[in-house]
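One structure below.
The values are calculated or read from the model by the stated rules, or taken from the named source; none is laboratory data. Please read these numbers as outputs of a predicted model, since none were measured by experiment. We place every Cβ from the backbone using ideal geometry, glycine too, and count neighbours over all the protein chains shown.
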Amino acid sequence: MIKSALQIARASYIPKKPAVLEKNVTPQEGEATTAVADQEEIQKLFPKTYGRPIIKFVESDQSESCPATNVGVILSGGQAPGGHNVIAGIFDGIKRINKESRLYGFILGPAGLVNHEYKELTSDIIDEYRNTGGFDIIGSGRTKLDTTEQFDKGLEILKKLDIKALVIIGGDDSNTNASVLAEYYKSIGSDVQVIGCPKTIDGDLKNELIEASFGFDTACKVYSEVIGNIQRDCNSSRKYWHFIKLMGRSASHIALECALQTQPNICIISEEIEAKGQSLEDIVNDIATTVAKRAAQGDDFGTVLIPEGLIEFIPAMKDLIAELNDFLAHNQIEFDAIRRSMRREYIIHKLSEKNSKIYASLPQTVANQLTLDRDPHGNVQVSLIETEKLLSEMVKKKLQDWKKQGKYIGKFAAIHHFFGYEGRCAAPSNFDADYCYSLGYTASLLVAAGKTGYMASVRNTTKPATEWIAGGIPITMMLNMERRHGEMKPVIQKALVDLEGAPFKEFAKNRERWAMETSYIYPGPIQFFGPDEVKEQPTITLKLEQKAK
């Protein structure tokens, strides 16, 4: 394999980790936990793993000899920078505990477990992937583990390979699956442990004990670099408005962090739209007003950041999509049998009167996009909805109307962007390289401690890595009940942007000035080497959140 100079240099990087992990440790148990919501329902569904205590690893003066332990690992869901370092951390951790321990990777996500497709991950393989982006060491997939048939099929290969623990690296749905799997194996008397690791670039898998999901730091730095480049071009040509959609279907963390890093003229925060009960027309009017004000001062250019999942946060659209999701969950075969040219009318006549009117008012392209194939969880695939084009077209029409009324004197031309895949497989920042390695190493300690149904947790992350706190939390404490495929299911509660939190308040305090002043910031590429104040910085979001505590 031919490598670039950067790959060669990064291969020699040794991730930093909590100082306690360099020593003999013991798990210190805290108080029993409860689910974040719907406690009675969650406890009934998870009687074997519910209420477990929070774990913190502390130094021990005793050295315990542990038997060799075979561990399996799965990369589940969309890619996120740093996944390879999680696996490297698991590998180094189990080898330090007992050098005879072995690590097996299941190919292309949870399907590899069910289909018995795997490979042993040896030191030669692991060393090739340290500090690299992507999930290509074993691949990833979105197969849901939610049936006893799948669980039993997976158990067959786990027994065959003498695997005592399975680590699932994934987002909220993947870790929900990990919790369900841990409960099932406990309920049938199996001694296979299941451990989760928090992954998603969207940043919505977090709480007081999971301070960040890995990949968020790197993805935001990648997007912010490109936004900065666009803003520099924007400020150079001074004739375009750039509408930039960013990943984040269920929360606006990426858009908010990129706004804090780059200071665009406009950034929409979905959670605020929902809280204010704003309509699509309200959003368009707000954007058009800023465009008109900038035009009045001679600035016919600017940038607009748009969260991927915005449509679902507009109250009227949210109700429409919820009804569409439920309807298609029970009538997908009938819908698929309808001729494409007739599907719009078919849907209009199947919805409630209120939602029928809203659906009928939408542009044909958006209406079609709302009925495309659902994701594995039964939700509309918002990444396929071209919100950036919808908004710019509506803004253009609004400005044309204002021009006729003498309320607008400028020229409006729009360019569209969607930044998604560009950030998912980037080489991890130093923060993500360190954080991910620490998560993997911590997961190996949870395995050694005999825990199951836990998620690896690394805290105190705005301090130097040596001061980070390693431990684990029961996944059940993050669960609540939500509607999926028309039924109530236990899932990890997503962490949305807190409108009372320090990051949003910092943004809200400055956005009016950013709208008019063209105070763009150009972050540049991720800095892997150089002064600590440049290369060791976590996200602004994380720093503001920790400072506010």
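Taking the condition within 22 Å of Thr387 (Cα to Cα), modelled with pLDDT under 95 and acidic (Asp, Glu), does Glu353 pass? Steps first, please.
Details: within 22 Å of Thr387 (Cα to Cα): no; modelled with pLDDT under 95: yes; acidic (Asp, Glu): yes.
Answer is no for this residue.
Residues checked against (1) among the acidic types (Asp, Glu); (2) closer than 27 Å to Gly51 by Cα; (3) in contact (Cβ under 8 Å) with a residue 60 or more places away in the chain:
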| position | (1), (2), (3) |
| --- | --- |
| Gly133 | no, no, yes |
| Arg142 | no, no, yes |
| Gly154 | no, yes, no |
| Ile163 | no, yes, yes |
| Asn177 | no, yes, yes |
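Pick from the stretch 443-475 the residues that are assigned to a helix (DSSP H, G or I) and hydrophobic (A, V, I, L, M, F, W, C): which of them is farthest from the chain's Cα centre (by Cα)?
Step one: of the stretch 443-475, the residues assigned to a helix (DSSP H, G or I) are 443-448, 465-467, 475.
Subset that is hydrophobic (A, V, I, L, M, F, W, C): 443, 445-448, 465, 475.
Working: Ala443: 19, Leu445: 25, Leu446: 23, Val447: 25, Ala448: 28, Ala465: 22, Ile475: 17 Å.
Result: Ala448.
When you go through (1) over 25 Å from the mean Cα position of the chain (by Cα); (2) surrounded by fewer than 24 Cβ atoms within 10 Å (Cβ to Cβ) one by one for Gly134, which number turns out not to apply?
(1)
What's the number of the only condition in (1) modelled with pLDDT of 90 or more; (2) exposed (fewer than 13 other Cβ atoms within 10 Å of the Cβ) that Val395 fails to meet?
The one condition Val395 does not meet is (2).
Give me the pairs, please: first residue somewhere in the stretch 15-27 and within 14 Å of Ile94 (Cα to Cα) and assigned to a helix (DSSP H, G or I), second residue anywhere and hydrophobic (A, V, I, L, M, F, W, C) and at pLDDT 95 or above, beta-carbon distance under 8 Å, and either six or more positions apart or on two chains.
Taking only residues 6 or more apart or on different chains, the pairs are Leu21/Phe57; Leu21/Leu445; Leu21/Ala470.
Surrounded by fewer than 24 Cβ atoms within 10 Å (Cβ to Cβ) and more than 18 Å from Ile415 (Cα to Cα): which single residue out of Leu260, Leu256 fits that description?
Working: Leu256 fails: surrounded by fewer than 24 Cβ atoms within 10 Å (Cβ to Cβ).
Of Leu260, Leu256, the one residue that is surrounded by fewer than 24 Cβ atoms within 10 Å (Cβ to Cβ) and more than 18 Å from Ile415 (Cα to Cα) is Leu260.
Is it true that Phe46 is in the same structural domain as Gly170 (by TED's automatic domain parsing) and either modelled with pLDDT of 95 or more or of a type outside the set (Asp, Glu) (or both)? Show your work before the answer.
Details: in the same structural domain as Gly170 (by TED's automatic domain parsing): no; either modelled with pLDDT of 95 or more or of a type outside the set (Asp, Glu) (or both): yes.
So Phe46 fails the test.
Please find, among Ile2, Ile8, Ile74, the residue that is farther than 19 Å from Lys186 by Cα, in the same structural domain as Val194 (by TED's automatic domain parsing) and of a type in the set (A, V, I, L, M). Break it down stepwise before answering.
On the way: Ile2 fails: in the same structural domain as Val194 (by TED's automatic domain parsing); Ile8 fails: in the same structural domain as Val194 (by TED's automatic domain parsing).
Only one candidate qualifies: Ile74.
So, Ser123, is that one more than 25 Å from the chain's Cα centre (by Cα), of a type in the set (Ser, Thr, Tyr) and under 13 Å from Val73 (Cβ atoms) or not? Can you show your working first?
On the way: more than 25 Å from the chain's Cα centre (by Cα): yes; of a type in the set (Ser, Thr, Tyr): yes; under 13 Å from Val73 (Cβ atoms): no.
No: the conditions fail for Ser123.
Using the structure shown, decide if Leu166 is surrounded by 24 or more Cβ atoms within 10 Å (Cβ to Cβ) and either at pLDDT below 95 or at negative phi (or both).
Values: surrounded by 24 or more Cβ atoms within 10 Å (Cβ to Cβ): yes; either at pLDDT below 95 or at negative phi (or both): yes.
In short, yes.
Determine whether Ser123 is at pLDDT 95 or above and buried (at least 20 other Cβ atoms within 10 Å of the Cβ).
Numbers: at pLDDT 95 or above: yes; buried (at least 20 other Cβ atoms within 10 Å of the Cβ): no.
When the stated conditions are applied, Ser123 does not pass them.
Per-residue answers, yes or no, for (1) surrounded by fewer than 16 Cβ atoms within 10 Å (Cβ to Cβ); (2) over 24 Å from Cys234 (Cα atoms); (3) among the aromatic types (Phe, Trp, Tyr); (4) within 20 Å of the chain's Cα centre (by Cα):
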site	(1), (2), (3), (4)
Gly486	yes, yes, no, no
Pro490	no, yes, no, yes
Gln493	no, yes, no, yes
Val497	no, yes, no, yes
Glu500	yes, yes, no, no
Phe504	no, yes, yes, yes
Glu517	yes, no, no, no
Val534	yes, yes, no, no
Gln546	no, yes, no, yes
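Just checking, which of Gly141, Gly203 is among the small types (Gly, Ala, Ser), surrounded by fewer than 24 Cβ atoms within 10 Å (Cβ to Cβ) and closer than 30 Å to Thr539 by Cα?
On the way: Gly203 fails: surrounded by fewer than 24 Cβ atoms within 10 Å (Cβ to Cβ).
So the residue among Gly141, Gly203 that is among the small types (Gly, Ala, Ser), surrounded by fewer than 24 Cβ atoms within 10 Å (Cβ to Cβ) and closer than 30 Å to Thr539 by Cα is Gly141.
Please enumerate the residues belonging to the stretch 1-25 that are within 25 Å of Val458 (Cα to Cα) and surrounded by fewer than 15 Cβ atoms within 10 Å (Cβ to Cβ). Please lay out each step first, then the result.
Pass one, the stretch 1-25, residues within 25 Å of Val458 (Cα to Cα): 10-25.
Of everything in the stretch 1-25, those that are within 25 Å of Val458 (Cα to Cα) and surrounded by fewer than 15 Cβ atoms within 10 Å (Cβ to Cβ) turn out to be Ala11, Ser12, Ile14, Ala19, Glu22, Lys23, Asn24.
Does Gly141 meet the test of being of a type in the set (Gly, Ala, Ser), closer than 22 Å to Phe91 by Cβ and out of contact with any helix residue (DSSP H, G or I) (no Cβ under 7 Å at 6 or more places or on another chain)? I'd like the intermediate steps shown before the answer.
On the way: of a type in the set (Gly, Ala, Ser): yes; closer than 22 Å to Phe91 by Cβ: yes; out of contact with any helix residue (DSSP H, G or I) (no Cβ under 7 Å at 6 or more places or on another chain): no.
Answer is no for this residue.
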